[in-house]
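For reference, the structure discussed in these notes is given below.
The values are calculated or read from the model by the stated rules, or taken from the named source; none is laboratory data. Owing to the predicted nature of the structure, the values given are computational and were not obtained by experimental measurement. Here the Cβ positions follow ideal geometry from the backbone for every residue, glycine too, while neighbour counts run over all protein chains shown. Calculation scope for accessible area: heavy atoms of the full protein, side chains included, ligands and nucleic acids excluded. Shrake-Rupley method; radii C 1.70, N 1.55, O 1.52, S 1.80 Å.
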Amino acid sequence: MKRLIFIVVLTLLAIFVVWPQKPGNYIPGGDALPGNPGIHIGNIARQGAKLGLDLQGGTQLTLQADLSQISADQQGTAMQGVLNVISRRVNAYGVAEPEIQTLGQDRIIVQLPGLKDTEEAKKLIGQTAKLEFKEQDATGSWIPSTGQLNGQTVALTGAYLIPGHQQVTFASRAGLPDVAFNFNSDGATIFGQITQRLIQRPLGIFLDGQEISAPTVQAVLTDSGVITGLSLDNARLLALQLNAGALPVPVSIQSETTVDATLGADSVHKSIVAGELALLVVVAFMLLYYRLPGVAASGALLVYSLVTLSVFKLIPVTLTLAGIAGFILSVGMAVDANILIFERMKEELRSGKTIAAAIRAGEDRAWPSIRDSNTSTLITCAVLYFFGQQFGATIIMGFALVLAIGVAISLFSAIFVTRTFLELLLSQGWAHSPRLFGMAIAPNQIGGVTAPSRRPAVVGTRG
């Protein structure tokens, strides 16, 4: 009874967690039903399932960092710097729930949900945003502007800007956008020396090697200045990039993917239909072929599906089309241990054992096959995830992660839940009928069901 109460409470909690915000999108006629308000416990907040770009739309970029000029012992630090700068840019831009992670030694994958303009994403992320100040030599060529700092000659760059203090202004008489910048104390010292030297001469402002402005210095400046000659969009982007800082190493875009939100919504709907059909087909097979034991296995399968989906939402696992395919596959695998046990149980019943003894013997004899098949599945998932991470194949990673979680949860549902439901059914007098087992059973084989075996079991494919 305690086990049954535990299963019921767990199932109710799982239903609450997975209940959608808009039931009408998933349940026919569910528009009148209340939506899930979300889960808020301390710092944990979960509002709806976390969907990948292929389901909600957006842009994905794979970046390659040029580490050829970085020593081997500093490459890890450089990559972390690139990751931090990109994160600051994306967060300042206002993209909701971006995914930014390193892949291998020199690559970064950036997922931007809801952002469909690939060129905009390239400008935001791919530009190094190295700000330089230059002056003209006797031949008219641009050379770095330098000053003296602590007895050393140093070039003035964006590295001396105060983070977060660059902003778009409209202070010019023409009302055109400018980017106002502010130097720290060292930068102000160098900038003062340069502007004093260049009065009535041009000071070139370069971004990633491209001249964007070359104003004539009218007075000595120290801690601040403005960059002119920009459109409003470019001014906003430049201010954002300067506040986030320049990338420590150049990056190039290796691949780009854009998914329309409408296509993503259609994929979600089709995935839900596929999952529901898969569940119904498996339940129908279990009921038609195994009858009463199939009822117990089908109930356990429903519990398994709810608990698994709730775990996906709580972790949270980013669901992609490949991940949903992994979950649908795991639905079929979740009853495979029951099939092995039920077949072994039939053999024991044919040998004359009681139902209780047949259940226990079926579990014991099926255990080696279940153990080996699930171990193989988990090893395969680990290999797929590892190589997917190394080569940037997020589709493979999602499939492997979802399938591994499904197999792990089925350790609980396939034996613990199924056996509890089967014992509950067999405690009813109407269940003591040979027709409900699909085979001939002698009257003396139907008796009480003893306590469950403590042997652990897992679920998997036929071994």
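Of the set (1) over 25 Å from residue 120 (Cα atoms); (2) touching a residue at least 24 places away in the same chain (Cβ under 8 Å), all apply to residue 214 but (2).
Residues that are open to solvent by 60 Å² or more (accessible area, probe 1.4 Å), under 30 Å from residue 126 (Cβ atoms), part of a helix (DSSP H, G or I) and in contact with a helix residue (DSSP H, G or I) (Cβ under 7 Å, 6 or more places away or on another chain) do occur in segment 53-76, at least one of them. When residue 298 is tested against (1) open to solvent by less than 20 Å² (accessible area, probe 1.4 Å); (2) among the polar types (S, T, N, Q); (3) in contact with a Lys or Arg (Cβ under 7 Å, 6 or more places away or on another chain), just one condition goes unmet, and that condition is (3). Residues in segment 246-266 that are small (Gly, Ala, Ser) and open to solvent by 20 Å² or more (accessible area, probe 1.4 Å) were compared, and the one that is modelled with the highest pLDDT is 252.
Does residue 84 satisfy the condition of being within 28 Å of residue 189 (Cβ to Cβ), surrounded by fewer than 18 Cβ atoms within 10 Å (Cβ to Cβ) and at pLDDT below 90? Taking the combined requirement at face value, the residue satisfies it. Cβ-Cβ distances below 6 Å connect the following pairs, each with a first residue in segment 151-165 that is surrounded by 15 or more Cβ atoms within 10 Å (Cβ to Cβ), a second residue that is in a loop (DSSP other than H, G, I, E, B) and among the polar types (S, T, N, Q), and a separation of six or more residues or different chains: 156/145; 160/184; 162/184. Once segment 226-272 is narrowed to residues that are of a type in the set (S, T, N, Q), part of a helix (DSSP H, G or I) and touching a Pro at 6+ places or on another chain (Cβ under 9 Å), the residue that is nearest to residue 209 (Cα to Cα) is 234.
Residues that are open to solvent by less than 30 Å² (accessible area, probe 1.4 Å) and in contact with a Gly (Cβ under 7 Å, 6 or more places away or on another chain) within segment 112-132 comprise 112, 113, 115, 131, listed in sequence order. For the condition on the phi < 0 side of the Ramachandran plot and without any contact (Cβ under 8 Å) to a residue 60 or more places away in the chain, what is the one hit in 330, 310, 298? Just one listed residue meets the conditions, 298.
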